[in-house]
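One structure below.
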Amino acid sequence: MKEERLLRIGVLGAGQIAQAAHFESCVKARNAELYAICDVAADLRERMAIAHGARRTFADYDAMLADPDVEAVIIATADAFHVDASIRALEAGKHVLCEKPMATTVEDAERLREAVARSGRVLHVGHMKRYDGGIEAAKDFIDREMGEMLSLKAWYCDSTHRYAMTDAVQPAIVSSAGSRRPAGDPKADRQRYLMLAHGSHLVDLARFLGGEIETVEARFRAAYGARCWFIDVGFASGAIGHLDLTVAVRMDWHEGFEVQGERGGILAKTYNPWYYKSSDVEIFHESDATWRRPLAADGHFYRRQVEGFADAALTGRAARGATTEDGVASARAMAAIAQSVREGRAVALAEAAGGV
C-alpha cells in the first residue's frame, strides 16, 4: 500500500534496465512514485510513460532537472554517462540513485563524491543485491552473532544460457533508433566491460559482508570466449577472501558465497536476478549446532532498493543501499584488480588509480 508521502522520481533513460527494473519499482514502491521519464527518443519515451503512468515526460535532461516537482533522479543510462548525469542532478538539488558502476575510474568516482558532499543530497548506487533478503539475513548474522570473520569466498559465474533464461521472465524490451548511445562500443573491450558489469556486483558483495578491502591479488585467463578472474582479497579486519568472476560458464547460473566465522558459518546460493528470488542462505549457529534458513519471501530487490533510497531521501533514515563511499571503494577495487592482472602482483587499494 502506498504511503501518504511519496518521493517524486524522474528516471533518466528508458532503455533495458529502466524497462526491466526501475519503472516497475517506482510504481510498486510504498514510498515513491514514477513522476517523470526523460529520454531523447520520443517514441520510446512516450510509450513508456503511457505503459507505466508517468505524469510528465522530457526530451531534455536539464528541463527535467529544472522541474521543482522532481525530487530525485534514477540514472539508468550507459556507464559512460553516470558521473556527469549524477553531478548535474545533485547540483540541481535532486537526490540520486545511480546505476552501477557509479564510475568507471577512481578519479571520476572521487569527483562525484566531492559533488555529493557539496550538495548535501543522498546518492545511492544501484547494487540491488544488498536488498536481497537472504543476503540481508547473512549480513545481520555477521554483524550481530558470528564474531570474528575468518574467511569469505564468493563467486559470480554468468551462464551461456542466461539470455534464454532472462528472455523467459523479463518484459519484452522496446528499443528505439533514436536512443542516445556512448561513443564507440563499450562492450568491445570484453575484459573491461565484464568487470564493470558483473565484477562490480561481486566486489560490492564482498565489501558488504566482509568490510573494507585493503589488498587484492588477481589472476586472469581468457579461453574459448570465456573469461575468468581468481582474486585473493585481504580485508581490513584481517579476514582473507577469494573471489571468482567467470563469464560465461557452460552450465546453469552459478553464484553464491561462503563465510566462516568464530560462532558459525554461512552457505548461500544466489539466483539469476531477473527471477526475483531471494538467495537461499543457510546459517549455522555453533551455540546450538543448528542450521537456519530464512525464507525472505519478498524477492523484489529492485523495488526494495527504491524504497530504501526513498526512505533515506525523505527521512534521513539509514538504509542498506550502497553509498557514495561504497561507489568510490568499488571503483578502487576494480582498478586495483586490473592493475594486479597487468603487473602480476598484489595491489593495495590505496595505490589504485585510473580505470579498469
Cα convex hull of segment 253-321, projected area averaged across orientations, nm²: 6.0
Residues with amide H under 5 Å from that of Glu255, placed H, sequence gap 5 or more: Cys157, Thr270
Long-range HN-HN contacts of Ile74 with modeled amide H, under 5 Å: Gly10, Val11, Leu12, Leu97
Rounded FRET efficiency, nearest 0.05, which uses the C-beta distance separating Asp189 from Ala350 and R0 of 25 Å: 0.45
For segment 10-140, average projected area of the Cα convex hull in nm²: 8.5
Whole-Hz ³J(HN,Hα) from phi, Karplus 6.51 cos²θ - 1.76 cosθ + 1.60, for segment 118-130, glycine and proline x: 5, 7, x, 9, 8, 10, 10, 9, x, 8, 5, 5, 5
Built amide H within the under 5 Å cut-off of Leu150, gap 5+: Gln260, Gly261, Glu262
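When Lys and Arg each count +1 and Asp and Glu each count -1, what net charge do the other residues less than 15 Å away from Asp189, Cβ to Cβ, add up to? Numbers along the way, then the final one.
On the way: positive: Lys187, Arg190, Arg192, Arg227, Arg342; negative: Asp79, Asp185.
Residues near Asp189 contribute +3 overall.
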Pairs from Lys28/Lys269; Lys28/Lys100; Lys100/Lys277; Lys94/Lys153; Lys2/Lys129 whose Cα-Cα separation, in the structure shown, is over 30 Å: Lys94/Lys153
Mean projected area (nm²) of the alpha-carbon convex hull when the chain is viewed from all directions: 17.7
3J(HN,Hα) from dihedral phi, segment 224-234, Karplus parametrisation 6.51/-1.76/1.60, rounded to Hz, x for glycine, proline: 6, x, 9, 9, 9, 10, 10, 10, 8, 10, x
Relative exposure of Met195, Met1, Met146, judged by other C-beta atoms within 10 Å (fewest first): Met1, Met146, Met195
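Per-residue counts of other Cβ atoms within 10 Å, averaged by peptide: what ranking do you get for 63-70, 300-307, highest first?
Details: 63-70: 15.8, 300-307: 25.0.
The most tightly packed comes first, giving 300-307, 63-70.
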Extent along principal axes [Cα atoms of segment 276-356; Å; largest to smallest]: 44, 42, 25
Sorted by Cβ density within 10 Å, fewest first, the residues Lys187, Lys28: Lys187, Lys28
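Quote the relative contact order of the chain in percent (integer), defining contacts as alpha-carbon pairs under 8 Å separated by 6+ residues. Mind dumping the intermediate values first?
Numbers: 786 pairs, mean separation 76.1, N = 356.
It rounds to 21 percent for the chain.
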Ranking of Cys38, Cys26 by count of other Cβ atoms within 10 Å, fewest first: Cys38, Cys26
Alpha-carbon centroids, segment 29-66 and segment 195-244: separation in whole Å: 37
Value of [θ]222 nm, deg cm²/dmol, for the chain, DSSP H segments ≥ 4, -39500 (n - 2.57) each, nearest 500: -10000 deg cm²/dmol
Residue-wise HN-Hα coupling along segment 188-194, computed from phi with Karplus coefficients 6.51, -1.76, 1.60 (Hz; x: Gly, Pro): 5, 8, 5, 4, 5, 4, 5
Ordering of 116-124, 339-347 by burial proxy (mean other Cβ atoms within 10 Å per residue, highest first): 116-124, 339-347
Total formal charge among the other residues, if their Cβ is under 9 angstrom from that of Ala248, Lys/Arg +1 and Asp/Glu -1: +2
Coordinate range along principal axes, alpha carbons of segment 201-317, Å, largest first: 46, 36, 30
Relative contact order (percent, whole number), segment 248-356, Cα cutoff 8 Å, 6+ residue spacing: 13
Within the chain, percent of DSSP bridges classed antiparallel, to nearest 5: 60
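Coordinate-derived values only; no laboratory data. Model, not experiment: these values are computed from the prediction. Cβ atoms come from the backbone with ideal geometry, glycine included; neighbour counts cover every protein chain shown.
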